[in-house]
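The values are calculated or read from the model by the stated rules, or taken from the named source; none is laboratory data. For clarity, every value in this text was computed on a predicted model and none was experimentally measured. In this analysis, Cβ positions are derived from the backbone assuming ideal geometry, glycine residues included, and neighbour counts consider all displayed protein chains. Surface areas here come from the heavy atoms of the whole protein model, side chains and all, with no ligands, DNA or RNA. Shrake-Rupley method; radii C 1.70, N 1.55, O 1.52, S 1.80 Å.
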Amino acid sequence: MHLGVEWRRFELYLKLYDVIIFCVKTHVIIAAKNEQRHVGTTLASLPGDAMPIVVTNGSSDSTAEISESFGAKVVVREEPSKVAAIQEGVRLI
C-alpha cells in the first residue's frame, strides 16, 4: 500500500482521537460519612472539568451542604454503607 494513503489514515485517526479526548468526562464518586472537615478540601483539589458526585451515607453533619456549595451532585443516603454509596454514585453516571 502507498505510504501516502497510510499517512492520511493515521492523520484522520489522530484527529478523531483528539475529538474523543476532549469529549471524555471525569466523574469522581466520593462516599462520605461525617466528612464536613475534609470534603471541601477534597472537592477544591479536583480538576476543573471533574464532575463530582458526593454520596453521604449516614452523615449527621453538614457534609451534603458543603458538597453542594462546591457544585457537587449530592445524594443523601440514610444507611451507613460505603458499598451502597458507591453503587448509588455509579448509577448516576
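A few points about this structure:
- Those helices (runs of 4 or more DSSP H) lying entirely in region 28-93 with at least 3 residues surrounded by fewer than 15 Cβ atoms within 10 Å (Cβ to Cβ): 63-69, 82-91
- Meets criteria (at pLDDT below 90 and open to solvent by less than 90 Å² (accessible area, probe 1.4 Å)) for Val19: yes
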